[in-house]
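The values are calculated or read from the model by the stated rules, or taken from the named source; none is laboratory data. The structure displayed is predicted, hence computed values, not measured ones. Reconstructed Cβ throughout: ideal geometry from the backbone, glycine too, with neighbour counts over all protein chains shown. Remember, those area values only see protein heavy atoms, side chains included, never the ligands or the DNA or RNA. Shrake-Rupley method; radii C 1.70, N 1.55, O 1.52, S 1.80 Å.
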Amino acid sequence: MSRFWSPIVERLVPYTPGEQPRDQIFVKLNTNENPYGPSPSALDAIRAATDDGLRLYPDPEASDLRSAIGAELLLGSDNIFIGNGSDDVLAHAFNAFFTGKAPVLFADVTYSFYKTYCQLYGIEHRTVPLNDAFEYNIQDYAAPCGGVVIANPNAPTGIAMSLDSLEQILRQNSDVVVLVDEAYVDFGAESAITLVPRYNNLLVVQTFSKSRSLAGMRVGFAAGQQHLIEALRRIKDSFNSYPISRLSLAGALAAWNDRDWFETTRDKVIADRERVAEALKIQSFRVLPSATNFVFVSHSHMPARDLLAGLRSRGILVRHFNQPRINDWLRISIGSSQECDKLLGTVDEILSKSR
Ligand SMILES: *Cc1c(COP(=O)(O)O)cnc(C)c1O
């Protein structure tokens with residue numbers, strides 16, 4: 001605390017990102033990064049953009065990237081907004097659609113950044129409990145509110161919601177924006193982007209960080225009807241007109257266009273996820289059905305904190321959330337096949353030592 005701080009800064013409880021160790025001695029299964037790396041053509045495009053052109057500002061509209069994304073999704077480029085990572089897009093969306101409104105609804109167990117944005121922008125919120133299986137109760141969202149935020153698949157549970165359920169929420173809440181965070185959608189859920197032409201209150205947010213392995217590049221986007229995209233642009237241009245660097249624009253465009261790399265690496269992650277889930281179930285873990293690049297697990301008798309510490313001391317980082325309802329659970333990212341083997345072997349070792 002300092003007497004120079006504004007009242008807002010004093011009140012903030014910032015989001016705590018997963019640990020990013022400076023040395024590479026750990027197997028990092030704690031922040032859902034993709035083990036396979038970006039498309040080689042993305043890396044080529046970034047290298048090619050590393051020249052004297054960097055003295056110039058980037059395209060403030062990200063026109064080429066918006067056109068490429070729009071074309072693939074059967075939308076126009078004016079249905080797409082690009083941000084500096086999807087966290088940036090989400091922050092702008094909270095600011096654009098939820099400030100000065102009734103409380104926003106989101107699940108009690110979900111991406112904890114939503115709460116942080118509410119605090120930053122002075123937005124009221126109400127959390128809606130997931131059921132005992134950590135699934136959404138759709139009826140609970142049929143309430144007057146200032147907006148709805150749904151992570152689909154949800155994080156950190158990994159559970160996907162059907163588009164039918166999502167449509168029910170869109171219809172029940174037709175007077176407010178329903179923000180759908182699809183950070184993990186490519187790993188097994190159905191995207192709501194196909195619903196954009198039919199729902200004027202739907203904004204879908206995706207990222208290049210997970211399924212396109214560009215977390216270090218910081219590129220995300222929103223898809224929605226023009227009036228929503230226009231609102232995001234008004235916020236962006238009142239904040240930072242050039243949020244996406246030239247290198248990011250070049251890399252993201254090439255990554256988006258490399259469908260083969262995207263599908264091959266995604267399929268490997270999905271196959272290893274299923275393998276890890278089955279192996280952990282055999283080890284007496286409860287494993288929630290995951291449509292993401294991580295599994296959310298709880299052991300029948302070893303506390304999550306002990307496992308967390310045991311894994312860490314053996315060089316493996318996973319994520320633990322010190323929150324009600326999930327403090328006996330661990331979120332484990334799906335790494336390379338070799339890293340998954342190491343995880344399974346280490347879990348086995350920890351459990352057999354405790355017996
Ligand atoms: C990773 C993640 C994001 C943010 O991704 P960016 O790297 O900022 O694009 C957003 N929402 C959820 C649920 C995530 O897990």
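For the range 63-84, name all the residues that are in contact with a strand residue (DSSP E or B) (Cβ under 7 Å, 6 or more places away or on another chain) and either assigned to a helix (DSSP H, G or I) or over 14 Å from Ala223 (Cα atoms) (or both).
Our first condition is that a residue be in contact with a strand residue (DSSP E or B) (Cβ under 7 Å, 6 or more places away or on another chain); within the range 63-84, this holds for 65-66, 69-70, 73, 75, 79-83.
The answer is Leu65, Arg66, Ile69, Gly70, Asn79.
Go through Leu214, Leu203, Leu195 for me and flag whichever is away from the ligand (no atom under 14 Å from the Cβ), touching a residue at least 12 places away in the same chain (Cβ under 8 Å) and open to solvent by less than 20 Å² (accessible area, probe 1.4 Å).
Values: Leu214 fails: away from the ligand (no atom under 14 Å from the Cβ); Leu203 fails: away from the ligand (no atom under 14 Å from the Cβ).
The match here is Leu195.
Kindly list the number of the only condition in (1) open to solvent by less than 10 Å² (accessible area, probe 1.4 Å); (2) out of contact with any Gly (no Cβ under 7 Å at 6 or more places or on another chain); (3) on the phi < 0 side of the Ramachandran plot that fails for Asn95.
For Asn95, the failing item is (1).
Any residue at all in the range 2-17 that's within 16 Å of the ligand (Cβ to nearest atom), of a type in the set (Ser, Thr, Tyr), open to solvent by 70 Å² or more (accessible area, probe 1.4 Å) and in a loop (DSSP other than H, G, I, E, B)? Quick ask: steps written out before the conclusion?
Step one: of the range 2-17, the residues within 16 Å of the ligand (Cβ to nearest atom) are 14-17.
Going one step further and asking which of them are of a type in the set (Ser, Thr, Tyr), we end up with 15-16.
Okay, now just the ones that are also open to solvent by 70 Å² or more (accessible area, probe 1.4 Å), so 16.
Filter once more, keeping what is in a loop (DSSP other than H, G, I, E, B): 16.
Yes: one or more hits.
Would you please list the contacts, defined by Cβ atoms under 8 Å and residues six or more apart or on different chains, that run from a residue in the range 12-27 that is at pLDDT 85 or above to a residue that is among the aromatic types (Phe, Trp, Tyr) and open to solvent by less than 90 Å² (accessible area, probe 1.4 Å)?
Partner pairs satisfying both residue conditions: Tyr15/Phe113.
Between residues in the range 119-131 that are under 17 Å from Val109 (Cα atoms) and residues that are among the β-branched types (Val, Ile, Thr) and open to solvent by less than 50 Å² (accessible area, probe 1.4 Å), which pairs lie under 6 Å by C-beta distance while being six or more apart or on different chains?
The qualifying pairs are His125/Val104; Leu130/Val109.
For the subset of the range 217-268 comprising residues that are among the hydroxyl-bearing types (Ser, Thr, Tyr) and either within 16 Å of the ligand (Cβ to nearest atom) or outside the structural domain of Pro153 (by TED's automatic domain parsing) (or both), which member is most open to solvent (accessible area, probe 1.4 Å)?
Taking the range 217-268 and keeping what is among the hydroxyl-bearing types (Ser, Thr, Tyr), we get 238, 241-242, 245, 248, 264-265.
Next, only the ones that are either within 16 Å of the ligand (Cβ to nearest atom) or outside the structural domain of Pro153 (by TED's automatic domain parsing) (or both) stay: 245, 248, 264-265.
Values: Ser245: 50, Ser248: 8, Thr264: 79, Thr265: 7 Å².
Once the filter is applied, the top-ranked residue is Thr264.
Among the candidates Ile334, Ile282, single out the residue that is touching a Lys or Arg at 6+ places or on another chain (Cβ under 7 Å) and of a type in the set (A, V, I, L, M). Spell out the reasoning first.
Details: Ile282 fails: touching a Lys or Arg at 6+ places or on another chain (Cβ under 7 Å).
Answer to the selection: Ile334.
Considering only residues of the range 39-90 that are β-branched (Val, Ile, Thr) and open to solvent by 20 Å² or more (accessible area, probe 1.4 Å), which is nearest to the chain's Cα centre (by Cα)?
Here is the first cut: in the range 39-90, the residues β-branched (Val, Ile, Thr) are 46, 50, 69, 80, 82, 89.
Keeping just the survivors that are open to solvent by 20 Å² or more (accessible area, probe 1.4 Å) gives 46, 50.
Working: Ile46: 24, Thr50: 28 Å.
Across the range 39-90, the extreme among qualifying residues is Ile46.
Test Ile229 against the stated conditions and say whether it is within 22 Å of Ala62 (Cβ to Cβ), touching a residue at least 12 places away in the same chain (Cβ under 8 Å) and among the aliphatic types (A, V, I, L, M). Let's see the steps before the verdict.
Working: within 22 Å of Ala62 (Cβ to Cβ): yes; touching a residue at least 12 places away in the same chain (Cβ under 8 Å): yes; among the aliphatic types (A, V, I, L, M): yes.
Answer is yes for this residue.
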